[in-house]
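> Quick one: the structure is below, questions incoming.
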Amino acid sequence: MTQIKAAITAVHGNLPDYILTNKELEQMVDTSDEWISTRTGIRERRILKGEGLGTSDMGAKAVSGLLEKRGVDPSEVDMVLCATVTPDMKFPAAANLISHKAGIKNAFSYDMNAACSGFLYALVTAANYVESGNYKKVVVVGADKMSSIVDYTDRQTCVLFGDAACAVLLEPTQEDVGVLDHKFATDGAGWIHLHMKAGGSLKPPSHETVDAREHYIYQEGQPVFKFAVTKMADASLDVMKNNNLSTGDVSWLVPHQANMRIIEATGRRMNIPAEKVMVNIHKYGNTTNATIPLCLWDYENQLNKGDNIILTAFGGGFTWGAIWLKWAY
Ligand code: UT7
């Protein structure tokens, strides 16, 4: 019997209208367009403005657009996974709210939190459901309203992040395409360098935690930078080696978009030429769980069936990993 594989059959994103430029950030904190551009590669990012709008609103728009694009009725969807660090509420899951807002009634849904690696982990989890043969249409959404946890008085982090959502549809195939292999890892000792100090069970919200601005991203940039450069390249090279893929076999490298210097260093360590490395950080900044699907969406017109694609991410946790994907359309 031919093994069932899980293929991405559509990708669609949602970007809020509001564009926060480096120039505007210059008015908010002691920074400059020059510093942000040269140190990070980011020129602008999107921000979800408006009362009563959360991560699920971007996620639902991405999912509705995705299903429409593929001609799938919401009633056909079996499962929705949302990778996010900024669910609308601590519970229920953003995935449930996304399903509700997108009119998906016959699916079960839940969230996954692996910080910036979340979309990759969710993609492999979803692929396993499809490969079981029991699920035919599975949606994976990477969505984050990072502006809800960014301290806009902290110049070290506020220039980096943006809001967005992007979704893919996974369907079974018997062709040699889809999510083919992965290499994932975590190191919990890394928590110290990137986390949110309060709001969890360790330090529940209080007047004191709010006054101390502890409900925002805390990041020590340099250690995260160093780990990101080595771990994304190493995980990608491991996946390639395990599958006898040479550099020349790789059509595209899709790195998490956290810093242009990390993206370039990863490509260099892997010996992948710059024109094969997907980049959109200049337009959207670091959208955490949305960066990788947003790259696929942006480059969709340049992809061909059978392209070998390496997806790789590094993020809070620490979490990191790489996926070997063969494009299916
Ligand atoms: O997606 C999750 C994973 N996250 C990442 O992968 C992020 C990894 N880290 C990074 O991308 C970089 O470390 C940052 C972009 C966060 C920072 O860049 P850096 O080159 O590591 O800068 P730095 O932290 O070493 O700071 C250099 C200088 C400091 O000033 P002094 O001490 O040299 O006087 C900072 O205070 O730049 C200063 N600085 C800024 N200056 C202007 C920090 N942020 C800013 C800013 N504007 N926004």
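Readers should treat all values here as calculations from the given coordinates under stated rules, not as data from a laboratory. These numbers come from a predicted model, not from an experiment. Neighbour counts are summed over all protein chains in view; Cβ atoms, including those assigned to glycine, are modelled from backbone coordinates with ideal geometry.
> Hey, fewest Cβ within 10 Å first, where do 116, 295, 158 land in order?
Working: 116 30, 295 27, 158 21.
Ranking 116, 295, 158 by Cβ neighbours within 10 Å, fewest first, gives 158, 295, 116.
> Report the net charge of residues surrounding residue 16, where surrounding means a beta-carbon distance below 13 angstrom and charges are Lys +1, Arg +1, Asp -1, Glu -1.
Details: positive: 45, 46, 49, 61, 145, 283; negative: 17, 44, 57, 144, 163.
Net charge around residue 16: +1.
> Separate question: Compute the Rg to Rh ratio over region 180-326 from the alpha carbon atoms, using the Kirkwood formula for Rh, and round to two decimal places.
Values: Rg = 17.0 Å, Rh = 16.3 Å.
When Rh is taken as the Kirkwood radius, the ratio is 1.04.
> Looking at the chain as a GNM with Cα springs under 10 Å, which of 135, 121, 18 has the largest mean-square fluctuation?
18
> Any chance you could run the full-extension gain for residue 241 through residue 299? It's 0.36 nm times the residue separation minus the Cα-Cα distance, nm to one decimal. Mind dumping the intermediate values first?
Working: separation 58, 0.36 × 58 = 20.88 nm, distance 2.55 nm.
Answer, rounded to one decimal: 18.3 nm.
> What number does region 173-259 give for Rg over Rh if you use C-alpha atoms and the Kirkwood radius?
Details: Rg = 18.8 Å, Rh = 16.4 Å.
A ratio of 1.15.
> I want to verify a result. In a Gaussian network model of the chain, Cα cutoff 10 Å, which of these has the top mean-square fluctuation: 285, 188, 317?
Taking springs between Cα atoms under 10 Å, the residue moving most is 188.
> Residue 283: which aspartates and glutamates have alpha carbons under 20 Å from its alpha carbon, excluding same-chain residues fewer than 8 sequence positions away?
Within reach: 17, 24, 26, 33, 34, 44, 144, 163, 264, 275, 298, 300.
> Quickly estimate the mean residue ellipticity at 222 nm for the chain, helices only: each DSSP H run with n ≥ 4 gives -39500 (n - 2.57), and the total goes over all residues, rounded to 500.
Details: 11 runs with 107 residues, N = 329.
That comes out to -9500 deg cm²/dmol.
> Distance between the C-alpha centers of region 88-125 and region 281-328? Whole Å please.
If we compute the Cα centre of each part, the gap is 18 Å.
> Please list 3J(HN,Hα) in residue order for region 10-23, calculated via the Karplus relation 6.51 cos²θ - 1.76 cosθ + 1.60 where θ = phi - 60°; whole Hz, with x for glycine and proline.
6, 9, 7, x, 9, 10, x, 5, 5, 9, 9, 8, 4, 4
> Between 209, 287, 125, which gets the highest mean-square fluctuation from a Gaussian network model of the chain, Cα cutoff 10 Å?
Ranking 209, 287, 125 by mean-square fluctuation puts 209 first.
> Roughly what % antiparallel, to the nearest 5, for the DSSP beta bridges in region 180-326? Show your work: numbers first, answer last.
Working: 17 of 22 bridges.
Within region 180-326, antiparallel bridges account for around 75 percent of the total.
> Can you give me the distance in nm between label points at residue 28 and residue 329, each placed 7 Å from the Cα along the Cα-to-Cβ direction?
3.6 nm
> Same structure, new question: Which whole-Hz couplings ³J(HN,Hα) result when phi for each residue of region 193-210 is put into the Karplus expression 6.51 cos²θ - 1.76 cosθ + 1.60, θ = phi - 60°, listed in order with x for Gly and Pro?
Using θ = phi - 60°, the values come out as 8, 7, 6, 10, 6, 10, x, x, 5, 5, 9, x, x, 8, 4, 5, 5, 5 Hz.
> Under a Cβ-Cβ cut-off of 13 Å, what is the net charge of the residues other than residue 59 that fall near it, where Lys and Arg count +1 and Asp and Glu count -1? Could the numbers behind the result be given before it?
On the way: positive: 61, 101, 145; negative: 57, 88, 111, 144, 163.
That sum, taken over residues with Cβ under 13 Å, equals -2.
> On to the next question. What's the local net charge at residue 208, with K and R +1, D and E -1, over the other residues with C-beta under 12 Å away? Show your work: numbers first, answer last.
On the way: positive: 197, 203, 213; negative: 211, 214.
Computed value for this residue: +1.
> GluC sites (Glu not before Pro) within region 182-263: which are DSSP loop residues with at most 12 other Cβ atoms inside 10 Å? Mind dumping the intermediate values first?
Values: sites: 208, 214, 220; in loops: 214, 220.
For GluC sites (Glu not before Pro) across region 182-263 that sit outside H, G, I, E and B with at most 12 neighbouring Cβ atoms in 10 Å, the list reads 220.
> Can you give me the distance in nm between label points at residue 275 and residue 128, each placed 7 Å from the Cα along the Cα-to-Cβ direction?
Taking the two extended label points, one gets 4.0 nm.
> Taking other Cβ within 10 Å of each residue's Cβ, how do 51, 275, 34, 264 sort, fewest first?
Working: 51 4, 275 7, 34 10, 264 16.
By the 10 Å Cβ count, ascending: 51, 275, 34, 264.
> Just want the answer: with Cβ charges of +1 for Lys and Arg and -1 for Asp and Glu, which residue in 11, 132, 56 is farthest toward the dipole's positive end in region 5-176?
Value computed over the given set: 132.
> Counting pairs of alpha carbon atoms under 8 Å apart in space and at least six apart in sequence, what relative contact order in percent does region 1-129 give?
Working: 169 pairs, mean separation 30.6, N = 129.
Result for region 1-129 is 24 percent.
> Fewest Cβ neighbours within 10 Å first, please rank 147, 56, 246, 251 accordingly.
Details: 147 20, 56 28, 246 9, 251 16.
The most exposed by this proxy come first: 246, 251, 147, 56.
> Another question about this same structure. Compare the Cα positions of 296, 219, 182 along the charge dipole of region 180-326 (+1 at Cβ of Lys, Arg; -1 at Cβ of Asp, Glu; about the Cα centre) and return the one farthest towards the positive end.
182
> So, one more: Roughly how big is the chain's charge dipole about its Cα centre, with Cβ charges of +1 (Lys, Arg) and -1 (Asp, Glu), in debye to the nearest 20?
Working: 31 positive and 37 negative charges, 65 e Å.
Result for the chain is approximately 320 debye, rounded to the nearest 20.
> Let me ask something additional. What is the magnitude of the charge dipole of region 180-326 about its Cα centre, with +1 placed on the Cβ of each Lys and Arg, -1 on the Cβ of each Asp and Glu, and no other charges, expressed in debye to the nearest 20? Numbers along the way, then the final one.
Details: 14 positive and 14 negative charges, 36 e Å.
Computed about the Cα centre, the dipole is about 180 debye.
> Suppose we flag trypsin sites (Lys or Arg not before Pro) only when DSSP calls them loop and at most 12 other Cβ atoms lie within 10 Å. Which is the longest uninterrupted stretch of the chain?
Working: sites that count: 49, 90, 105, 305.
The longest such stretch corresponds to 106-304.
> Antiparallel DSSP bridges in the chain: what percent, to the nearest 5? Display every interim value, and only then the final one.
Working: 40 of 56 bridges.
Bridges in the chain are about 70 percent antiparallel.
> Given Cβ point charges of +1 (Lys, Arg) and -1 (Asp, Glu) and nothing else, what value in debye, to the nearest 20, does the dipole of region 91-241 about its Cα centre take? Show your work: numbers first, answer last.
Values: 13 positive and 17 negative charges, 48 e Å.
Result for region 91-241 is approximately 240 debye, rounded to the nearest 20.
> Hey, what did the chain get for relative contact order, percent, Cα under 8 Å, at least 6 apart? Can you show the working numbers first?
Numbers: 803 pairs, mean separation 82.8, N = 329.
Normalised by residue count, the contact order of the chain is 25 percent.
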